[in-house]
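Colleague: Dropping a structure here in structure tokens format, bear with me for questions.
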Amino acid sequence: MGALNGVAELPQIRDHTALAMAAISMSLNVHLIYDGAVSRSMADRIDGIADAYRLWTVYGLAPLRLTLSNVVEDTEPMTKTAETGLICLSGGLDSMHAAVEATEAGEVHHALFVAGLDYASDTAPGFVERRSRVEKIAESLELDMLHARSNIKDVGLNWSQMHGLNLGVCLNLFADNFGFGVFAQDNASFQDLHRHPWGNHGVLDQFMSTKRLPMITYGRDTDRVEKLRRILEAEERVIGHLSVCYEGSSAGGNCGYCKKCCQMRATFSAVGASDAGIFDEYPDLAARFRDMTIPERAADLRGLMCRTSELAAALPEGELRDAVVEYETKLQTAFIAASD
């Protein structure tokens with residue numbers, strides 16, 4: 001599934017496989033047995049994941065049933081060559097912010113880009129453009145790029161709830177070569193309390209940290225308005241390579257019209273920055289927010305409410321803020337109704 005310096009490698013300790021099987025077990029309601037070597041600390045972490053998800057009782061997930069028949073004691077990999085970290089980099093705002101913060105702290109020198117997740121085909125125009133944008137971000141931040149390919153979505157993974165664990169799967173593929181793994185949080189901690197259950201949450205790093213590969217996360221204390229502001233202050237040159245949605249292809253999937261793109265365009269307005277050249281189209285934002293549909297699922301409502309609340313707090317008074325607040329009120333009303 002991965003390569004380092006052009007050579008396909010798999011670690012002798014298959015913690016990445018065990019974590020993937022845990023996600024698959026919960027997604028497909030199956031009992032799996034794995035006889036590959038798994039570290040004691042990963043086995044303990046999987047026990048903790050099972051306990052947490054049993055308590056949470058997440059709709060669409062079954063109890064974790066995974067038997068690990070070959071648990072081995074933790075040892076330091078003989079091939080580990082770097083005590084710096086490896087960061088997952090997708091090109092979105094969250095991972096871009098994490099990469100800026102981690103490189104500024106001197107904690108990472110390599111970035112990992114994973115194929116097979118957002119786009120099914122490596123030759124799809126959107127994927128090719130996305131990869132190009134990620135590579136330009138990495139180059140700007142002086143990060144060496146590594147690539148991996150995952151087919152875990154093909155087996156029916158519950159993506160909305162398990163995509164965070166898949167970050168750990170991909171990072172653990174390189175556990176023999178790096179001191180720790182790094183990934184971005186989707187939401188600030190106070191937003192997590194509202195967004196839960198969601199696949200990327202504030203205790204995910206604790207779930208996946210092992211003695212072989214500790215995990216570090218960025219963004220726990222920062223909403224997306226502050227993330228964009230921080231990027232512009234520290235590394236403004238990378239923002240032109242931002243990827244937002246998957247609707248278009250000519251600008252790396254940034255259609256400028258969908259909900260995700262309109263939220264990001266409003267985020268640029270909130271920090272007083274130009275988004276010229278980042279999106280394919282620039283329809284009137286206030287009109288778009290007034291025309292946006294209201295989802296039926298509580299999970300979708302919670303996610304949108306995290307975005308509208310941060311925008312309502314940060315946007316200056318005016319037509320756009322009024323439209324965002326109007327949409328936020330509709331979301332709140334629907335959320336209350338869905339919760340009854």
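The values are calculated or read from the model by the stated rules, or taken from the named source; none is laboratory data. Computed from a predicted model, the values in this text were never measured in an experiment. Positions of Cβ are backbone-derived with ideal geometry, glycine not excepted, and every protein chain shown enters the neighbour counts. Accessible surface areas use protein heavy atoms only, side chains included; no ligands, DNA or RNA. Shrake-Rupley method; radii C 1.70, N 1.55, O 1.52, S 1.80 Å.
Colleague: Count, please, the residues in segment 273-302 that happen to be open to solvent by less than 40 Å² (accessible area, probe 1.4 Å) and closer than 26 Å to residue 330 by Cα.
Modeller: Taking segment 273-302 and keeping what is open to solvent by less than 40 Å² (accessible area, probe 1.4 Å), we get 273, 275, 278-279, 283, 285-286, 288-289, 292, 295, 298-299, 301-302.
From what's left, closer than 26 Å to residue 330 by Cα: 283, 285-286, 288-289, 292, 295, 298-299, 301-302.
Total satisfying the criteria: 11.
Colleague: In segment 234-265, how many residues are out of contact with any Cys (no Cβ under 7 Å at 6 or more places or on another chain), modelled with pLDDT of 95 or more, closer than 16 Å to residue 94 by Cα and open to solvent by less than 10 Å² (accessible area, probe 1.4 Å)?
Modeller: Qualifying residue count for the region: 2.
Colleague: Okay, moving on. Tell me which residues, restricted to segment 323-340, are acidic (Asp, Glu) and over 12 Å from residue 266 (Cβ atoms).
Modeller: 326, 340
Colleague: Considering 55, 93, 61, 32, which residue is out of contact with any His (no Cβ under 9 Å at 6 or more places or on another chain), modelled with pLDDT of 95 or more and either small (Gly, Ala, Ser) or within 30 Å of residue 254 (Cα to Cα) (or both)?
Modeller: Criteria check complete, one pass: 93.
Colleague: Test each condition in (1) of a type in the set (S, T, N, Q); (2) crowded, with 21+ Cβ neighbours inside 10 Å; (3) on the phi > 0 side of the Ramachandran plot for residue 95 and report the one that comes out false.
Modeller: Here residue 95 meets the rest and fails (3).
Colleague: If you don't mind, there's one more thing I want to ask. So, in segment 39-67, how many residues would count as being out of contact with any Asp or Glu (no Cβ under 6 Å at 6 or more places or on another chain) and outside any loop (DSSP other than H, G, I, E, B)?
Modeller: Final tally of qualifying residues: 16.
Colleague: Anything in segment 296-340 that is modelled with pLDDT of 95 or more and not in a helix (DSSP H, G or I)? List them, or say none.
Modeller: 315, 316, 317, 318
Colleague: Filter segment 317-340 down to the residues that are without any contact (Cβ under 8 Å) to a residue 24 or more places away in the chain and surrounded by fewer than 18 Cβ atoms within 10 Å (Cβ to Cβ) and list them by number.
Modeller: Listed by number, the residues that qualify are 317, 318, 325, 329, 333, 336, 337, 340.
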